[in-house]
Every structure is written in structure tokens, then in C-alpha cells.
Amino acid sequence: MKKIIPIEELPAWREAFRATGKRLVVTNGVFDLMHRGHAEYLAQAASLGDVLLVLVNDDASVTALKGPTRPINAEADRATMLAALECVGAVSIFKGPKATDALRAAAPDIYVKGGDYTPATLDRDEFSALQACGSEIKILPLVPGCSTSGIVKRILSETHSGEDVTKDVSLDKKLMPIFQRRSIRDFLPREVSTHDLGLLLEAAMAAPSAKACYPAEFILLTDSDLRKKIAAVLPNGSFLANAPAGILICGDIRRSCGELLSYLLQDCAACVENLLLAASMMGLGACWLGVHPRQERMDAIKNILSLPQEVIPVACVALGWTAEKKAPRTNYDPAQVHLNAW
Ligand SMILES: Cc1cc2nc3c(=O)[nH]c(=O)nc-3n(C[C@H](O)[C@H](O)[C@H](O)COP(=O)(O)O)c2cc1C
């Protein structure tokens, strides 16, 4: 189909388009199993300029972003379906998880993104490329209740005989902050303000606690040498050294419910999850770094920070402005759900 432009021909196509004096609208995405949400979004995007170019993720990047079962339709099929829409003027398939190079080649007059984004939460590389092209950025709301994941889930639930309590829901918008929280391990070299750290701590300390004992203590790791020292004793947390901030969550066993370790750990874990959710809602990236029950990690951290005997380091959180993009998701598995019996 003529509307499909090989990515290597995009710069020449853009040059020729420029000569027409028309305004180019560009959006990018996966567009697997086309549905009404896609059609309405694309029609709205197209109405913002003269011609709409859709940049489509190649198959490898969809698998990297959404997991091994995706895409359902191969890149050539997805591109053909898009090209068949009247509102779509051109389609190009790009490689890699980010559309940065393709956006540079497309040089949009207007760039459109769908979903709960703001210019501040767009991917930083893509945002810089758009700024360099002088693109106007427009965010359009997605059509609620329309998603490829939802369609897949409905099909699967019909082919499974067991009860699937999620058959009518899929990454519900109301719960999006939960699905959007992902472990982020790559950060921009940009400081996390004291104000933002304060917000995170307030969120962490809003967590439930057994008998309201609140045994958790928080050590802010704003000193980069200290972060490096702690990163060096966390075998899976070396990236803490490059994170602009960190928070160590400890528990004081004297203040735990019944002085029990299990309650201390559960209380601290609830604080960590609240902190991670708050970070994600604020546009920050964060990753849980396991400390307890690894004795050598706990001993090393106690030593570095001269913690009192009764204070147990439980987990560390690496924090910063995210330099990676991860798709919202759940790991919902109907096989792990039991209806009123094992
Ligand atoms: C108790 C616990 C310890 C973890 N420790 C580490 C760690 O040391 N290093 C790391 O990179 N991620 C760590 N993680 C993050 C998990 O790898 C991550 O949550 C998991 O892969 C699922 O990905 P998601 O957070 O993006 O949903 C830890 C998570 C938990 C709950």
C-alpha cells in the first residue's frame, strides 16, 4: 500500500511534504488489534492538521514493552490496517522502544500523544527531539474502556472454563496509578527536590501499620558518596550509585507490634509500596532494592550508617526522574484466584 513509507525513506518523504506547505500531524504507538478507541483517537489527531503520519512500533519493541505474548498482529499487518483508515495519510514502522529517531525524521508540525500524559511526563528523549523540531505538542484523552489488552482478556476469559472476575475490567482508568508503577532503574541527571522528598515521606507514612505501632524509620540518601557506598553492598542495586536520590527504609523492632519481626517487615513493606506509588504518581521513577533478609547486606548497611542494634534495614529505594519508559500493566493471573475455596 502506497501510504506505508519505509522508515529510511521518511526524511525524503518529509522534505517533499514540506514543499506542499501543509501541516503534518504525527503520532506513534503500537495499534495492535484495531478498535474504536484507536479510530476515534486517530480521527481527532488528524483533525488537528492537514495530514496524519502514524509511527508504528516494530514487533521487537512491542514485545519488549508489553511482554512475550504481544504483538498479536505483526508490524506489516498493523501498518496495513492503519493505512486503510481514511484519516491516516501515512504510516512508517520504527525500531526500538523509543520513537526519538523517527520523530526527528518526521519533524512533526503537531505531535499528538494519547493518554494521561503532560509535556513533563513525556519520554525525555522524544520530548527533546520534538522541541528541536519546533513541534506543537497536543495530548488527547483515550476513549475509556477501549483497549487491546481488554479485548485480549475478554477473548481469553471466554476460552477458560473457570471464573474470571476481571472479565469486565482491564487496567481500569481509576486504578491507573497502580498499573503505571514500574521499577525504574535508569535516571536523568536531575535533582529530586526536598519538597518532593517530603511528599514521598508523607505518602510512605500514610501506610497501614499493625496496631498503629509505626516502627518504620526513613534515612534520606541525598549524599552521592553515601549512595555509592550503599550501592556497593547491594548486588542488584548498583544503579543506586547513579540515582539522584535514595531512601533507606528501616524498622525499629522495639516499636513493632509485639516486638515481632514479621509485623516490622509487613509495616515497612507497606511504606515502601506507598512510596513507590507516590513516586510514580509524581512522575518520578523508583526501584525497590532488597536488603532484608540478606544478612550481609543488612550488616554492611548497619555498619556504613552506624545504625543502633534494634534498627533493622529492610529496603532501599533508588529515586530520580525517569529516563526509561515502561508500559502500565498488571500480572493478573486467573490461575492464582480461588473462589471461596482452594
Ligand atoms: C522485596 C523486593 C526486593 C526487590 N529487590 C530488587 C533489587 O534488589 N534490585 C532490583 O533491580 N529490583 C528489585 N526489586 C524490584 C523487582 O525486580 C520488580 O518489582 C519486579 O521485577 C516487577 O517489576 P515491576 O516493579 O516493574 O512491576 C525488588 C522488589 C521487591 C518486592
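The values are calculated or read from the model by the stated rules, or taken from the named source; none is laboratory data. These numbers come from a predicted model, not from an experiment. Counting neighbours? That spans all protein chains shown, and the Cβs are built from the backbone with ideal geometry, glycine included.
Please state which of the following conditions LEU339 fails to meet, knowing it meets all the rest: (1) part of a loop (DSSP other than H, G, I, E, B); (2) among the aliphatic types (A, V, I, L, M); (3) closer than 28 Å to PHE187 by Cα.
LEU339 satisfies every listed condition except (3).
Mind checking which helices (runs of 4 or more DSSP H) fall wholly inside segment 1-120 and carry at least 3 residues that are crowded, with 21+ Cβ neighbours inside 10 Å, at pLDDT below 95 and touching a His at 6+ places or on another chain (Cβ under 7 Å)?
none
Within segment 203-218, track down each residue that is part of a helix (DSSP H, G or I) and in contact (Cβ under 8 Å) with a residue 60 or more places away in the chain.
Result: ALA203, ALA204.
Kindly provide the set of residues from segment 228-243 that are surrounded by 17 or more Cβ atoms within 10 Å (Cβ to Cβ), within 9 Å of the ligand (Cβ to nearest atom) and either at pLDDT below 95 or outside any helix (DSSP H, G or I) (or both), ordered by number.
Residues satisfying the conditions are LEU234, GLY237.
For GLY251, indicate whether it is within 15 Å of the ligand (Cβ to nearest atom) and either outside the structural domain of PRO308 (by TED's automatic domain parsing) or within 27 Å of ALA327 (Cβ to Cβ) (or both).
Against the criterion (within 15 Å of the ligand (Cβ to nearest atom) and either outside the structural domain of PRO308 (by TED's automatic domain parsing) or within 27 Å of ALA327 (Cβ to Cβ) (or both)), GLY251 does not qualify.
Between a first residue in segment 122-140 that is farther than 17 Å from LYS325 by Cβ and a second residue that is at pLDDT 95 or above and of a type in the set (Asp, Glu), which pairs have beta carbons less than 7 Å apart while being 6 or more apart in sequence or on different chains?
Pairs found: SER135/ASP109; GLU136/ASP109.
Mind listing just one residue for me: the one in segment 310-342 that is within 12 Å of the ligand (Cβ to nearest atom) and in contact with a His (Cβ under 9 Å, 6 or more places away or on another chain) and, of those, farthest from GLY246 (Cα to Cα)?
Filtering first and then ranking leaves VAL314.
Would you please list the contacts, defined by Cβ atoms under 7 Å and residues six or more apart or on different chains, that run from a residue in segment 178-197 that is away from the ligand (no atom under 16 Å from the Cβ) to a residue that is assigned to a helix (DSSP H, G or I)?
Cβ pairs passing all conditions: LEU188/ARG124.
May I ask you to say which residue of PRO71, PRO119 is within 19 Å of the chain's Cα centre (by Cα) and touching a residue at least 40 places away in the same chain (Cβ under 8 Å)?
Within the list PRO71, PRO119, the selection yields PRO71.
From the list LEU261, LEU221, LEU307, LEU289, pick out the single residue that is in contact (Cβ under 8 Å) with a residue 40 or more places away in the chain and either aromatic (Phe, Trp, Tyr) or within 11 Å of the ligand (Cβ to nearest atom) (or both).
LEU289
Give segment 287-323 a look and list any residue that's in a loop (DSSP other than H, G, I, E, B) and either among the small types (Gly, Ala, Ser) or outside the structural domain of ILE247 (by TED's automatic domain parsing) (or both), or say none.
Once the filter is applied, which keeps residues that are in a loop (DSSP other than H, G, I, E, B) and either among the small types (Gly, Ala, Ser) or outside the structural domain of ILE247 (by TED's automatic domain parsing) (or both), segment 287-323 yields SER306, ALA323.
Looking at this structure, is LEU277 assigned to a helix (DSSP H, G or I), closer than 29 Å to LYS66 by Cβ and either within 13 Å of the ligand (Cβ to nearest atom) or modelled with pLDDT under 95 (or both)?
Criteria met by LEU277.
If I go through segment 121-149 residue by residue, how many of them are within 25 Å of PHE187 (Cα to Cα) and either assigned to a helix (DSSP H, G or I) or in the same structural domain as SER280 (by TED's automatic domain parsing) (or both)?
11
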